[in-house]
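None of the figures in this text is laboratory data; all of them are computed from the coordinates on show. All figures in this text were calculated on a predicted structure; none of them were measured in a lab. So basically every Cβ, Gly included, is an ideal-geometry build from the backbone, and we count neighbours across all protein chains shown.
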Amino acid sequence: MTTTAEHREAGDATIDLDEDRIDFSDDLPGDRIRARGLKTSEVVDLLGAAAGSFCVTWLVYERLTPLSGGLGFGVVWYLLFLATVWFIARERLGALHARDRIVGVVVATVALGVLVPLAVIVGYTIARGYHALRPQFFTQDQSKAAPLSPATVGGGSGAIVGSLEMVGIATLISIPLGIATAVFLSEIRGRLARPVRMIVDAMSAVPSILAGLFIYAAFILALHQQQTGLAAALSLAVLMLPTVTRTAEVVLRLVPGGLREASLSLGGGEWATVRRIILPTARAGLLTAVILGIARVVGETAPLIVTSLGNTHFNGNPFKGKQDALPLMIYRLVRLPQTAEIQRAWTGALVLLGIVLVLFVIARIVGGRGPGHIGRLKRARLARKGLS
Amino acid sequence: MALHSLELAEEEERVRPTQVRSSADKSYRIIARSSGGLTLGLMALIGLFLLIRSWSALRVAGFSFFTRSAWAPGLGQFGVWAALVGTFLIAIIALLIAVPVAICSALFVTEYAPARLRRPLTSFIDVLAAIPSLIYGLWGRAYLQPRAILLSRWLGTHFGFIPFFHTPDASSVASYPSSTFIAGVVVALMIVPICTAVMREVFSQAPPGEKEGALALGGTRWGVIRSVVLPFGRGGIIGGSMLGLGRALGETIAVTLIIAPLFNPRDLTHVLHTGGNSIASLIALRFSESNAFGISALMAAGLTLFVITLVVNAMASIIVARSRSGASTEI
């Protein structure tokens, strides 16, 4: 092994923490242990094994036996590939290393294999949805869309506006409550904190349909209300609350204790400390909490079946009358027999998936910054004040 | 206010900052406390309202609510048994697929992947959790089902002697769509991220000293994983699986879109055959066509589901919390 490690200062062994590898290259003449990654010889082995096993599988499938089918071919190829890898490693390094190699290959293929369904789901939704995606999808409602009219007639404007209003109201309710609970859990603590944290954990696992049933029982039946956008928004708020609270609590804990103590020792009260120091420091993370909460509920369908029922006509008033939502519209249309209706559902699904993925990416970008991160704009503003 | 606190300080000779609070601080504490209490109360309210509304149905059905399979509240003949069996069958199939996959992904991220691949891999697995369950349902119905029934037929034809795989009319493709098995596969995809998140966190806390020790004794990577990482992360594996189980039990829309409702518990156990059931999908399917009494019966089913998921998740939280050292839950 002649790598950069040998050009480093000679002498005692170094443990390279950055790359998780233990480097004893100066003491040992043989291969050094690498805890991660692949050596060139390993890559060559794997490629050779893959090619060889593919050829054998092809021979067996296409020439020697009457077998057929894509899945079977894949499975046989993979098993032969594992066998080849094992034989190569056993010849070279012995049985112990052969087993190690096999486990590594299986773990890696399964882990990377998880990404296949992700790609297929996103790709398939795009492929099914984009044909009928026209600007009219955002401007028309479903009232003019007869079952047999083409899928480019009628759209989801009522559903999109309904979704926006429901999610908006849910956000207005759950953000203050969620962040206040998170502040309670991370700043005030006390005897009540443990049960609250446990309940928030349990709440995030409440099946979404039960949030709908709860609002139906506690709001619609008990207070003699109709099924409206407001009822749907309340059930979404129940689902959003634990996501916001837990994410916000994690973020608030990352605020350095030194800042807190500095503020208190300068005579700032508790409320002043929270408002002027802790919340602004964690602003990016709190924004992530909000976005993740929205992404959690925007595609939620089950509670809306119970609380809002849906509407083919545009209804912009969440406080009166049944209101449509994007997931509800998709759920209603996809179970109809006509191809045009199913096509409309897929167009809606594409829009919904787009919204969720955009929200997720924004949350990742915002959340990638640590607490107290000073962005470009803020740096400029500070520079103008002469503080930076 | 300030004067008052000064006097206090003189009296006690010692400033105890926790007792000197302005009115803003006091109201801040009250508001934060009460939102914590509100969250606590909300959960109790969910259980309470489900119980109140299900009372009339439970009084009519009595204990037979848990043993009967048919669902005809209009005739007074209704019970949650078939839905309960179906719910657990779907969840068990989902776990059988998702747990090995989650263990492999968590191990790959913590032990195998190069450092620069870790963050993107984690993000991609989390995207699986962000995709709405409705889209999983659509995809499972339109894309996965036509492909999965070929595998179902293969299993049904060649392994039909196993009781669970037994399928009447095994050679025909028509006996396999809308089955418990297909619903289980889709739910498995949906719970992989949460299982992976818990296991990844626990695996990454495996003590580095012992890992290095194992390597220094000549252990291979697999040796390190088997002797250090997996034993250390056992609680995480069990807890993560149970959190996944809790999610799988409550999954609604994806299951509703895939299964064809079936109320015969004996036929339900033939998981490859058409027909499945779950409590959540029962509620979603029957809600709009139910009268007041029917809704009360559905509330009772919802209460059953509520109690089950609560117990499963509480157990999972305890196991996960014990398996790590005082850190918070970050799922």
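Could you give the angle, 0 to 90 degrees to the nearest 10, between helix B:145-158's Cα long axis and the longest principal axis of the Cα atoms of chain B?
Computed tilt is about 60 degrees.
Please order A:C55, B:C104, B:C195 by the number of other Cβ within 10 Å, starting at the fewest.
Arranged by neighbour count, lowest to highest, A:C55, B:C104, B:C195 become A:C55, B:C104, B:C195.
Using the count of nearby Cβ atoms within 10 Å as a rough guide to exposure, how do A:M203, B:M315, A:M240 rank from fewest to most?
Ascending Cβ contact count within 10 Å gives the list B:M315, A:M203, A:M240.
Report, in deg cm²/dmol and to the nearest 500, the calculated mean residue ellipticity at 222 nm for the protein assembly as shown, where each DSSP H run with n ≥ 4 adds -39500 (n - 2.57) and the sum is divided by the residue count.
Calculated from helices alone, the mean residue ellipticity at 222 nm is -20500 deg cm²/dmol.
Under a 5 Å amide H to amide H cut-off, with H placed in plane at 1.01 Å, what residues pair with B:S179 once short-range neighbours are removed?
Correct list: B:G275.
Can you give the FRET efficiency for B:V173 and A:A51, using 1/(1 + (r/R0)^6), R0 = 41 Å, r = Cβ-Cβ distance, to the nearest 0.05?
Values: r = 35 Å, r/R0 = 0.85.
That pair, B:V173 with A:A51, gives E of 0.75.
Karplus couplings for the range B:27-42 from phi (6.51 cos²θ - 1.76 cosθ + 1.60, θ = phi - 60°), rounded to Hz, Gly and Pro as x?
5, 4, 5, 5, 5, 5, 4, 6, 5, x, x, 4, 4, 4, x, 4
What percent of all Cα-Cα pairs in chain A falls into each 20 Å bin, going from 0 up to the bin containing the maximum distance?
20, 35, 36, 9, 0
Assuming 1.567 mPa s and 4 °C, estimate D for the protein assembly as shown with Stokes-Einstein, Rh taken as the Kirkwood radius over Cα pairs, in µm²/s.
Rounded to a whole number, D works out at 46 µm²/s.
Can you tell me the equivalent ellipsoid semi-axes for chain B? Use √(5λ) from the Cα gyration tensor, largest first, whole Å.
Values: eigenvalues 376, 231, 50 Å².
Semi-axes, largest first: 43, 34, 16 Å.
Residue separation times 0.36 nm, minus the C-alpha to C-alpha distance between A:L38 and A:R191: what's the value?
50.0 nm
Find the centroid of the Cα atoms in the range B:54-100 and in the range A:89-149, then give the distance between the two in whole Å.
When both Cα centres are located, 33 Å separates them.
Under the definition of partner shielding as Cβ atoms of other protein chains within 10 Å of a residue Cβ, what is the mean value for peptide B:137-149?
Whole-number average of other-chain Cβ neighbours for B:137-149 is 4.
Using θ = phi - 60° and the Karplus form 6.51 cos²θ - 1.76 cosθ + 1.60, what ³J(HN,Hα) does each residue of the range A:182-191 get, whole Hz, x for Gly and Pro?
With the stated coefficients, the range A:182-191 comes to 5, 4, 4, 5, 9, 9, 8, 6, x, 5 Hz.
May I ask you to list the chymotrypsin sites (Phe, Trp or Tyr not before Pro) in the range B:113-169 that are in a DSSP loop and have at most 16 other Cβ atoms within 10 Å of their Cβ?
B:F159, B:F161
Arranged by the count of other C-beta atoms within 10 angstrom, fewest first, what order do B:H270, A:H131 take? Write out the running numbers ahead of the final one.
Numbers: B:H270 24, A:H131 13.
By the 10 Å Cβ count, ascending, the order reads A:H131, B:H270.
What distance in nm lies between label points placed 7 Å from Cα along the C-beta direction at A:I362 and A:Q226?
Placing both labels 7 Å along Cα→Cβ, they lie 3.2 nm apart.
Considering only C-alpha atoms, what is the centroid distance from the range A:244-286 to the range B:245-287, in Å?
So the separation of the two Cα centres works out to 46 Å.
How large is ³J(HN,Hα), in whole Hz, for each residue of the range A:121-133 in order, when computed from phi with the Karplus curve 6.51 cos²θ - 1.76 cosθ + 1.60 and θ = phi - 60°, using x for Gly and Pro?
For the range A:121-133, the Karplus-derived couplings read 4, 5, x, 5, 4, 5, 4, 7, x, 6, 3, 9, 7 Hz, x marking Gly and Pro.
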